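Visitor: Please find one structure pasted underneath; my questions will follow.
The values are calculated or read from the model by the stated rules, or taken from the named source; none is laboratory data. Source: prediction; values computed, not measured. Neighbour counts run over all protein chains shown; Cβ positions are idealised from the backbone, glycine included. We work out accessible area using only protein heavy atoms, side chains counted, and drop any ligands, DNA or RNA first. Shrake-Rupley method; radii C 1.70, N 1.55, O 1.52, S 1.80 Å.
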Amino acid sequence: MADKDGNQIAKDYGLDSPARNQTFHVKGMENVDWGMKDRLSRIFRPESGKTVMLAFDHGYIMGATAGLERLDLAIEPLAPHADALMATRGAIRSCIQPNHNKPVILRSSAGSTILKDDISNEFVGVDIDDAIRINASCLAVQVFVGANGECSSLHNLVKAIDAGERYGIPTLGVTAVGKEMERTNRYFMLATRVLAELGAHIVKTYYCEDFEKVVAACPVPIVVAGGKKVPELDALTLAYNAIQSGAAGVDMGRNVFQSDCPVAMLKAINSVVHQGYTPPQALDLYHSEKSSMS
């Protein structure tokens, strides 16, 4: 029992201040447990409710991608300006300094690199114990809705969700697109809803026409993929349109690390997502930052 001597009797019970019923800033996550909310709060900024993810997991299926030949040189300068890092465990352990203290979205699925094979036939490539050792804030699994490997990839997703739930680790479901899958709002409404219904806590997908309908029909946060490299203004416009349509963030890769000035580009994307900059305003910021670094 604590020593009573020297202790003051508690007296400020705030009787004139009723208990606050605070809502959580991440869509659909009001009822998850404290640990998962803590991890989600590391990914999605509480002040904006949004996130800028930096994806550099391309090597798991593409090998050395342009701009990512040296992960240590390419990603280290960018890490301070991203809200979360999406990568493989090998890349994180070998190339990224842990002192950035950024949440890791761990690529947990893996598949064939041989294009003539069915690339939708993926498997879970990371054990939950290793995800915990690497202090992952989220697991990422790719799902091929409408492809030959749909059932097995949905099984991978469910396995990751179940494993993560035991330890309060959320799962990001990634809607894959391929030659046989149409990039329409009808398809993305189906794919994102299926992933959310199966328990994914975040869904990553592509921007499309009438995207606000895709967002409205999905009960969890949607993060928009950046896709292939396009001119800076086009990438900033994509981010702006996605956020204006209700997306909870963007996951940019090639449009950052293949830019003429990756750090300036990532700062410009942040200005769109978190500060509401328009594409022309963000492009001005990009050029200003680029000039200051040259």
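Visitor: Probe of 1.4 angstrom, ligands and nucleic acids ignored: what's the accessible area per residue over the chain, in square angstrom?
Guide: Values: 14710 Å² over 294 residues.
Solvent-accessible surface per residue comes out at 50 Å².
Visitor: Shifting gears a bit: So between Arg133 and Glu69, what do we pick up on full extension, going 0.36 nm a residue minus the alpha carbon distance?
Guide: Values: separation 64, 0.36 × 64 = 23.04 nm, distance 2.64 nm.
Contour length minus the Cα-Cα distance gives 20.4 nm.
Visitor: If contacts are Cα pairs under 8 angstrom and at least 6 residues apart, what is the relative contact order of the chain in percent? Please list the in-between numbers first.
Guide: Numbers: 504 pairs, mean separation 46.8, N = 294.
Contact order relative to length: 16 percent.
Visitor: May I pose another question? From the backbone phi of segment 205-217, what are the Karplus-calculated ³J(HN,Hα) couplings (6.51 cos²θ - 1.76 cosθ + 1.60, θ = phi - 60°) in whole Hz, Gly and Pro given as x?
Guide: Going residue by residue, I get 8, 9, 6, 8, 4, 6, 5, 4, 6, 4, 5, 4, 7 Hz, with x marking Gly and Pro.
Visitor: Under the Kirkwood approximation applied to all pairs of distinct alpha-carbon atoms, what is the hydrodynamic radius of the chain in Å?
Guide: Values: mean 1/r = 0.0499 Å⁻¹.
Hydrodynamic radius (Kirkwood, Cα pairs) of the chain is 20.0 Å.
Visitor: Given a Förster radius of 45 Å and the C-beta distance between Asp284 and Val158 as r, what FRET efficiency does 1/(1 + (r/R0)^6) yield to the nearest 0.05? List each step's numbers first, then the result.
Guide: Values: r = 45 Å, r/R0 = 1.01.
E between Asp284 and Val158, to the nearest 0.05, is 0.50.
Visitor: For Asp210 paired with Gln244, estimate the spin-label separation in nm (one decimal), with each label point 7 Å from Cα along the Cα-to-Cβ line.
Guide: 1.9 nm
Visitor: Using just the helices of the chain, give the 222 nm mean residue ellipticity in deg cm²/dmol: DSSP H runs with n ≥ 4 each add -39,500 (n - 2.57), and the total is spread over all residues, rounded to 500.
Guide: When only DSSP H runs of four or more count, the value is -11000 deg cm²/dmol.
Visitor: Among Lys102/Lys213; Lys27/Lys204; Lys213/Lys290; Lys204/Lys290; Lys50/Lys229; Lys27/Lys213, which pairs are too far apart, with a Cα-Cα distance over 25 Å? Before the final figure, lay out each step's value.
Guide: On the way: Lys102/Lys213 31 Å; Lys27/Lys204 14 Å; Lys213/Lys290 36 Å; Lys204/Lys290 29 Å; Lys50/Lys229 23 Å; Lys27/Lys213 15 Å.
From Lys102/Lys213; Lys27/Lys204; Lys213/Lys290; Lys204/Lys290; Lys50/Lys229; Lys27/Lys213, over 25 Å: Lys102/Lys213; Lys213/Lys290; Lys204/Lys290.
Visitor: Pop out the ³J(HN,Hα) list for segment 92-99 in order, Karplus 6.51 cos²θ - 1.76 cosθ + 1.60 with θ = phi - 60°, rounded to Hz; leave Gly and Pro as x.
Guide: Calculated HN-Hα couplings, in order: 4, 5, 8, 10, 10, 6, x, 6 Hz.
Visitor: Would you calculate the convex hull of the Cα atoms in segment 65-214 and tell me its volume per residue in Å³? Don't jump to the answer; show the numbers that get you there.
Guide: Values: hull volume 19.5 nm³, N = 150.
Residue-normalised Cα hull volume stands at 130 Å³.
Visitor: Extending each Cα 7 Å along its Cβ direction at Arg93 and Asp33, get the distance between those two points in nm, one decimal.
Guide: Going from the Arg93 label point to the Asp33 one covers 2.6 nm.
Visitor: Note down the relative contact order for segment 10-84 as a percent, whole number, built from C-alpha pairs under 8 angstrom at least six residues apart. Numbers along the way, then the final one.
Guide: Numbers: 36 pairs, mean separation 22.3, N = 75.
In percent, rounded to a whole number, it is 30.
Visitor: Can you compute the FRET efficiency between Leu233 and Thr184 using 1/(1 + (r/R0)^6), with r the Cβ-Cβ distance and R0 = 22 Å? Round to the nearest 0.05. Provide the component values of the computation, followed by the final result.
Guide: Numbers: r = 25 Å, r/R0 = 1.13.
With R0 = 22 Å, the Cβ-Cβ based efficiency is 0.35.
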